[in-house]
């Protein structure tokens, strides 16, 4: 009997269709190949390096630093003043342990000035420009000893 041939048997005329074993093997190989390709494509999507994805630019910037005296000792409790030059809004904070301070959520499109004051003496006024593109700025401030 030829593959795919229809035959009849006996009085009840049972009909059967025989398939070629080569045809079945071909279908199994195609299924395995399809599954392998899908697995390979899924794995390729999983292992795409993060650098290829477009990174989001930060929406705000942070300015931090340490307040020092002339001898480079950190000053805790110095008042650090940040002024927004577009809105004239002034923010004051006090330096923490180790002389550290931080201002967060600052606009990239605004210019700022920053200075520190302690016991009647002030540091120089530093500028933060809207042209500066870094999201995290570190500005250390030095307060000179008061002159007697």
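What follows is calculated from the coordinates using simple rules that are stated; it is not laboratory data. Given the structure is predicted, the values throughout are model-derived calculations rather than measurements. When we count neighbours, we look across all protein chains shown, and the Cβ atoms used for this are built from the backbone with ideal geometry, even at glycine.
In table form, for the structure just shown:
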quantity	calculated
Two-site label geometry, residue 85 and residue 64: point separation in nm, points 7 Å out along Cα→Cβ	2.5
Cα-based Rg / Dmax (Å) for the stretch 60-143	12.2, 35
Gained length - residue 107 relative to residue 93, 0.36 nm times residue gap less alpha-carbon distance	3.2 nm
